[in-house]
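The values are calculated or read from the model by the stated rules, or taken from the named source; none is laboratory data. As the structure is a prediction and not an experimental result, all values here were calculated from the model. In this analysis, Cβ positions are derived from the backbone assuming ideal geometry, glycine residues included, and neighbour counts consider all displayed protein chains.
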Amino acid sequence: MRQLGLALALVTTIYVNPAAAVTAEVAKACSARLAKAFPPREPGNPAAGSTAGNAQEQRKYFANCVANGGRADTKADSKPSN
């Protein structure tokens, strides 16, 4: 749920050219990729944080995914170094 909230916050705060608006499909795909790349420390407890990376890395990953139309590049698709 937290990741969905993060995804929605990013979609609303990142202003993209109106001609290239983010679709719901892209946001859902990126949210799913984000959940896979940054799994929660305790399943069902979003306050526990993630096992890899921090919020800044998650935002960067999501923004990169949205910029690539729902596909994160292969370098960013791998798990963070933390």
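A quick yes/no check of all residues on (1) modelled with pLDDT of 60 or more; (2) out of contact with any Cys (no Cβ under 7 Å at 6 or more places or on another chain):
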site: A9; (1), (2): no, yes
site: N17; (1), (2): no, yes
site: C30; (1), (2): yes, no
site: A47; (1), (2): yes, yes
site: E57; (1), (2): yes, yes
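Counting residues in the stretch 65-73 that are at pLDDT below 85 and assigned to a helix (DSSP H, G or I) gives zero.
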